[in-house]
C-alpha cells in the first residue's frame with residue numbers, strides 16, 4: 001500500500017515540477033549600487049593596470065597628502081589622512097583652508113569618492129588660480145553637501161552635483177549623509193559635465209553668452225575673475241570641515 005501511495009504522488013508531482021521548474025533564488029539586481037562599483041575596479045586608492053594604460057593619474061595614495069598643499073600655503077590644521085581617507089576635520093579650533101593639487105589641469109576627467117558629515121558642506125573646485133584671497137573667486141565649484149540634513153533651506157543651485165550658483169543639478173542623486181558618493185567631472189574645452197553616482201546631473205558650456213549672463217547677474221557678479229581661467233588647480237574645499245575623500249584620480253584630455 002505504501003509503495004502504491006508513493007508511486008501515485010510521484011506520478012502527480014513530477015509533471016508539475018518539470019512544467020513550472022524549481023523556484024528561482026531572489027535576484028540581487030535591484031540592490032543599491034555602491035560608490036565603489038562605479039569605479040573602474042581595483043582596491044581603494046590604487047590604479048589598475050587598465051587605468052594606468054588609459055592614462056589615469058592617482059591624486060591620493062591613501063596614506064599621505066603627497067601631491068597636495070594648502071591654498072596659497074596658508075596655515076591649516078584641518079586636513080588629515082585616516083584609514084585611507086582624506087578627511088577635513090569639523091573642528092572649530094582648527095585653522096581652515098582649502099587643499100589644492102600641485103599640478104594644473106585644463107581639460108580632464110576627474111573621479112572622486114566622497115562622503116559628508118551631518119549638516120556639512122564642501123565642494124570640488126577646478127581651474128583655480130592663486131591670484132585672490134579665496135579659491136572660489138576664480139574656480140567653478142562642483143557642490144558637495146548634506147542635501148537632507150543641512151541646517152537651512154537649500155536653493156537648487158546649492159545642492160549636490162550643482163555647478164554652484166550657476167547650474168542646478170538636473171536630478172538629486174546624492175546618497176544620505178555618511179554614505180559614499182561617486183563624482184565625475186568632465187571638462188573638455190568649454191564643455192563641462194557633472195556626474196553623481198552614475199547620473200549626469202549637469203551639462204553646460206562655459207564662456208558662452210548664456211554662461212556670462214548667469215555669472216554677471218547672480219552670486220558671482222562681484223567676482224569678475226570667476227571662471228575666467230581655462231586651466232588651473234583642483235581644489236578640495238574646506239567649508240568648516242566634515243568632508244571625506246578617497247579614490248581621487250584624474251585623466252588628462254588632450
- Query: Restricting the search to region 209-230, which residues are part of a loop (DSSP other than H, G, I, E, B), touching a strand residue (DSSP E or B) at 6+ places or on another chain (Cβ under 8 Å) and surrounded by 18 or more Cβ atoms within 10 Å (Cβ to Cβ)?
  - Reply: 227, 229
- Task: Determine whether region 60-75 contains at least one residue that is surrounded by 18 or more Cβ atoms within 10 Å (Cβ to Cβ) and modelled with pLDDT under 95.
- Result: no
- Does residue 233 meet the test of being outside any loop (DSSP other than H, G, I, E, B) and at pLDDT 95 or above? yes
- So is residue 86 surrounded by 21 or more Cβ atoms within 10 Å (Cβ to Cβ), over 20 Å from residue 150 (Cα atoms) and touching a helix residue (DSSP H, G or I) at 6+ places or on another chain (Cβ under 8 Å) or not? no
- Query: Does residue 92 satisfy the condition of being modelled with pLDDT of 95 or more and assigned to a loop (DSSP other than H, G, I, E, B)?
  - Reply: no
- Task: Filter region 114-130 down to residues that are closer than 23 Å to residue 222 by Cα and assigned to a strand (DSSP E or B), then give me how many there are.
- Result: 8
- Query: Does region 212-219 contain any residue that is touching a residue at least 12 places away in the same chain (Cβ under 8 Å), within 30 Å of residue 90 (Cβ to Cβ) and more than 16 Å from the chain's Cα centre (by Cα)?
  - Reply: yes
- Task: Answer yes or no: is there a residue in region 167-175 that is out of contact with any strand residue (DSSP E or B) (no Cβ under 8 Å at 6 or more places or on another chain) and touching a residue at least 60 places away in the same chain (Cβ under 8 Å).
- Result: no
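This table checks each residue for (1) part of a strand (DSSP E or B); (2) exposed (fewer than 15 other Cβ atoms within 10 Å of the Cβ).
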residue	(1), (2)
97	no, no
132	no, no
136	no, no
142	yes, no
154	no, no
160	no, no
171	no, yes
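The values are calculated or read from the model by the stated rules, or taken from the named source; none is laboratory data. Keep in mind it's a predicted model, so treat the numbers as computed, not measured. Cβ sites come from the backbone with ideal geometry, for glycine too, and all protein chains shown count toward neighbours.
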